[in-house]
Amino acid sequence: MKKNICMFVWNHFTNDARVLRECTALSEDGSDVDLICIHDPSMPGLKTYEEINERFRVHRVKRYPRWLVLFQSMLTLLKKKKYLLLLLLLVWVAGVFYLPIITIAFTILFSSLLLKKVRTLIIRSSIFLRMIVKGWNKNYDIYHSNDLNTLPQGVICAKFKLFNRKRLIYDSHEVQTSRTGYDSKLYGKMESFLLKFVDQMIVENHTRAKYNEDLYGFYPKVVHNYPFDQKKEIEKIDLHEILNISKDEKILLYQGGIQTGRGLENLVKAAPNFEEGILVFIGDGRIKESLMQLTEDMKLTDRVKFLPKVPLEDLPRYTKNAYLGFQVLNNVCFNHYSASSNKLFEYIMAGVPVISCDFPEIKKVVSSENIGVVVDSHDPISIAAGVNKLVLNPELRRQYSQNCQQARLKYNWEQEKKSLLNVYGQIQS
């Protein structure tokens, strides 16, 4: 029997390939899927409601409370109209004299809203509550929470009912207890507590499943993060023309988030030792400016190029330009060490050999399928040696590219979605 499914994700659902694949697979299998995510008025054209297909709908809850929007508008007006600020000051002075308690209370509230952390807390709380209301108002059979930041919503909607509690799946895309930017022990305690309400947990590979077993005493289901198989030949976008470089230049590509812990500084530091090729970054992120500054400081602007993030559906057209692709995560946390990395499989789909780190899940694929070179991702010299092995040996590169064509038959979503559907089949039985 097919089910009504409510799925939560804490993003705008504009570039989340994993969630798109899961929702699509469930809807094509006959279930009705409502995905609840976040709207942002600053993103032009982003809809609050979309129908991806006849059984898969996207609901984006509002990001900002209306009164906070009015408050921000009032601040903007006060900055433009100085006389209004003077009038407000006179009203405040009169208030202190005639209604001191009320005035002081409003002053404290007004002042607190000027603090960024307070506004952030209010915005996140508003999103959290709107997600719960949206998920509660319809009679769903199964709730599916993507990552820890939507697990409380799933628990409340599925389990905080007097009668007819629902099934809950926790789909953890990251290792919540060992992850960059999530250093507080609170995340582990929160996950441990909320897991008591979960009927089934999903992680992306067996290294993470074993870690979870050691930590919590049970082995989750594994659904790998493989991309859609590109059955049709796609027309590539000419990166050489975009970058204004010679057609003969080999493009050495990194695509993805420009974030800390991904070994990107080491790629730039390795670039002077590349025998051939232009290092190209496609993506955006927190350290992009510092990476561009490092490139300038090392006088490498002719050998290292940066492009902005591109739409998910267009990315394969860029990837096909690459002579090789990089996946050189650093071992800064278990989340990185245990990653399978969708990026790796995107390169495989495009027939692009990989220069990869030597972490277990990534190394296993690269070495067993013979599709690239494993290097020490913390060492620019090792990275450069891996690059030079391929740029100086086109025949080896060609063989690795051919091996990618075989590997894509195994590491694709058309095969892997069966694992997701099996999880749902077991939880419904």
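Longer than 31 Å from Cα to Cα, which of 247/389; 250/364; 138/309; 185/309 are they? Say none if no pair is.
Among 247/389; 250/364; 138/309; 185/309, the Cα-Cα distance tops 31 Å for 138/309; 185/309.
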Relative contact order [Cα under 8 Å, 6+ residues apart], the stretch 239-411, whole percent: 23 percent
Percent of Cα-Cα distances greater than 16 Å, calculated over the stretch 315-411: 50 percent
For the stretch 239-411: rounded, prolate or oblate by the Cα gyration tensor [a/c cutoff 1.5]: rounded
Shape call, the stretch 108-227: gyration tensor on alpha carbons, a/c limit 1.5: oblate
In the stretch 175-274, chymotrypsin sites (Phe, Trp or Tyr not before Pro) in a DSSP loop with at most 13 other beta-carbon atoms within 10 Å: 218
Longest site-free stretch - the chain; sites: trypsin sites (Lys or Arg not before Pro), DSSP loop, at most 14 other Cβ within 10 Å: 300-409
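Relative contact order of the chain: what whole-number percent is it, with Cα pairs under 8 angstrom and at least 6 residues apart?
13 percent
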Global geometry of the chain, whether rounded, prolate or oblate, following the gyration tensor of its Cα atoms and the 1.5 cut on a/c: oblate
Close Lys-Lys pairs in the stretch 189-243, where close means Cα under 26 Å and separation is 8 or more or interchain: 5
Relative contact order (%) - the stretch 309-412, alpha-carbon pairs under 8 angstrom, separation at least six: 26 percent
Positive minus negative residues near residue 282 (Lys, Arg vs Asp, Glu; Cβ under 12 Å): +2
14 Å beta-carbon shell around residue 398, net charge (K/R +1, D/E -1): +2
The stretch 178-217 versus the stretch 241-309: alpha-carbon centroid distance in Å: 34 Å
Longest DSSP-loop-exposure-free segment, GluC sites (Glu not before Pro), the chain, at most 14 other Cβ within 10 Å: 55-232
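Just so you know, all these numbers are worked out from the coordinates, no wet-lab data involved. Small disclaimer: the values here were computed from a predicted structure and weren't measured. In this analysis, Cβ positions are derived from the backbone assuming ideal geometry, glycine residues included, and neighbour counts consider all displayed protein chains.
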